[in-house]
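This report concerns only the one structure given below.
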Amino acid sequence: MVRYAELKGLYEIEKTIGCGGFAKVKLATHVATGEKVAVKIMNKTGLGDDLPRVKLELKALKSFSHQHICKLYQVIESETHFFIVIEYCSGGELFDHIVEKNRLSESESRTFFRQIVSGVAYLHSLGYAHRDLKPENVLLDKDQNLKLIDFGLCARPEGGMGSPLYTSCGSPTYAAPELVLGKKYLGPEVDVWAMGVLLYALLVGALPFDDINIDSLYKKILSGKYAEPPFLSAESKRLIASMLQVDPKKRITVQELLSHPWLTLGILDPVDYTSIDLRKYDKDCVDVMASYYNVNPERMWRHLKKWKYDYHTATYFLLLSRKKRGAVLRLVSLPGQLHLKMRLE
Ligand SMILES: Cn1cc(Br)cc1C(=O)Nc1[nH]nc2c1CN(C(=O)N[C@H](CN1CCCC1)c1ccccc1)C21CC1
């Protein structure tokens, strides 16, 4: 078991839960709270010119605070590695959930899809586009709530969401026609297309455009033609068709999705994408940490509200999630010298 000195005493690494490119994700325990976390470990040397993507993902993750976006807790940077501590989702990938059930009922798809739209609408409201939405990038937490991950390709075009992006990115299967054609495109429109592919995958249990040969896959995407199984309701077909519109100008917008009849069927209110801001002052959590570090709450909060994404930020967010669960708020004592070293500077 490779020991990472930077995590010693703070996180206990358990096992690898994901591998990809120059990163791997491990399940770990945040020692002070005993809560499970995911640690994305990136080897800097291997990253090369992908380093800016990591910086971009970190900048994006630090500005997100939403119930359907995987929460960033801490960032540790060493000479050779990045350790990105993120919310652990114990339900695995939405992709595997769909495969397991073959396809989901319209009502289960609606519950999930409302959460995806809520997360994406929140991203867009902050001026970000995800640009790599796919079932593998949507995780389930222990309560079957969906969380978006992998913001390495997200974009925040300088001129706001109205200005075109050019970099073709993401996986072709979920790529919109304008992306495939290498034309200039708008992030939000590309995300809506990918959400159309996601909704199709939920309802049908297959992909609308699929082919092992990349060229015939592109042809299928550009044709905008896909199979409509008989079990799909008319309303489902209409919604999918409005998202898988080849012409981005004709494609439904996220704002229209929020109150679309299919999404609000039997639920009445439109999708709520406002975030539950986790950056609020929570007396219980601040007090528990203040007494743990033997400082007064004001001093504790003065450090916390800088949101340095240090160990204290992680402890605070994890205590908040414990409180939300109704679990007791307590901190286990770290080994003495570490505890003192961790004192608030
Ligand atoms: C698959 N699985 C099964 C169980 Br049970 C829990 C999980 C699981 O992955 N849980 C989990 N919680 N939090 C995370 C994860 C995975 N995870 C991830 O960020 N996972 C992605 C998965 N991407 C999908 C397409 C390409 C890579 C990843 C990125 C780089 C390297 C490895 C994995 C985070 C940290 C945000």
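The values are calculated or read from the model by the stated rules, or taken from the named source; none is laboratory data. Keep in mind the model is a prediction, meaning the values are calculated, not measured. When we count neighbours, we look across all protein chains shown, and the Cβ atoms used for this are built from the backbone with ideal geometry, even at glycine. Surface areas here come from the heavy atoms of the whole protein model, side chains and all, with no ligands, DNA or RNA. Shrake-Rupley method; radii C 1.70, N 1.55, O 1.52, S 1.80 Å.
What you get for the chain, charging only the Cβ of Lys and Arg (+1) and of Asp and Glu (-1), is a dipole of about 760 debye around the Cα centre. In percent, rounded to a whole number, the relative contact order of the chain is 17, using alpha-carbon pairs under 8 Å and six or more apart.
Close amide H pairs (under 5 Å, H built 1.01 Å from N) link residue 73 with 85, 86, 87, residues at least 5 positions away or on another chain. Heavy-atom accessible surface of the chain, averaged per residue, reaches 46 Å², computed with a 1.4 Å probe. Across the options 307, 38, 224, the greatest Cα extent toward the positive end of the charge dipole of the chain (unit charges at beta carbon of Lys, Arg, Asp, Glu) belongs to 307.
Kindly flag which residue pairs out of 26/134; 8/134; 26/59; 62/101 have an alpha-carbon separation exceeding 32 Å in this structure.
Cα-Cα > 32 Å for 8/134; 62/101; rest within.
Using +1 at the Cβ of each Lys and Arg and -1 at the Cβ of each Asp and Glu in the chain, identify which of 271, 68, 182 lies farthest towards the dipole's positive end. Of the options given, the answer is 68. Provide the net charge surrounding residue 82, with neighbours chosen by a C-beta distance below 14 Å and charges set as Lys +1, Arg +1, Asp -1, Glu -1. Taking every other residue near residue 82 into account, the sum is +3. Among the chymotrypsin sites (Phe, Trp or Tyr not before Pro) in the range 186-247, those located in a DSSP loop and surrounded by at most 11 other Cβ atoms within 10 Å of their own Cβ are 231.
Both radii were evaluated on the Cα set of the chain; the Rg over Rh quotient, with Rh as the Kirkwood radius, amounts to 0.99.
Across the accessible surface of the chain, with the other protein chains kept in place and a 1.4 Å probe, carbon and sulfur atoms take up 55 percent.
Any aspartates and glutamates with Cα under 15 Å of the residue 250 Cα? List them, leaving off those in the same chain fewer than 8 positions away. Those aspartates and glutamates meeting the cut-off are 178, 189, 191.
Pairs spanning more than 25 Å between alpha-carbon atoms, out of 220/249; 15/142; 55/283; 71/183: 55/283; 71/183. All Cα-Cα distances of the range 51-152, cut into 5 Å bins from zero to the largest, leave 2, 12, 22, 24, 18, 11, 6, 3, 1, 0 percent in each bin in turn. For residue 223, the accessible surface of its heavy atoms amounts to roughly 60 Å² (probe 1.4 Å, protein chains only, rounded to the nearest 10).
I need the shape label for the range 10-109. Rule: rounded when a/c is under 1.5, else prolate if a/b > b/c, else oblate, with a, b, c from the alpha carbon gyration tensor.
Cα axes put the range 10-109 in the prolate bin.
Summing Lys and Arg as +1 and Asp and Glu as -1 over all other residues whose Cβ lies under 15 Å from the Cβ of residue 107 gives a net charge of +1.
On alpha carbon coordinates alone, what is the Rg over Rh value for the range 233-276, Rh being the Kirkwood radius? With Rh from the inverse mean 1/r over Cα pairs, Rg/Rh is 1.02. By the rule of a C-alpha distance below 20 Å, with chain neighbours fewer than 8 residues away ignored, the aspartates and glutamates paired with residue 36 are 6, 12, 14, 87, 93, 141, 143, 150, 310.
Counted by Cβ distance under 14 Å from residue 195, the other residues give a net charge of +1, where Lys and Arg count +1 and Asp and Glu count -1. Annotation note: trypsin sites (Lys or Arg not before Pro) in the range 250-345 located in DSSP loop regions with a Cβ neighbour count of at most 14 within 10 Å are 250, 279, 280, 305, 306, 308, 330, 343.
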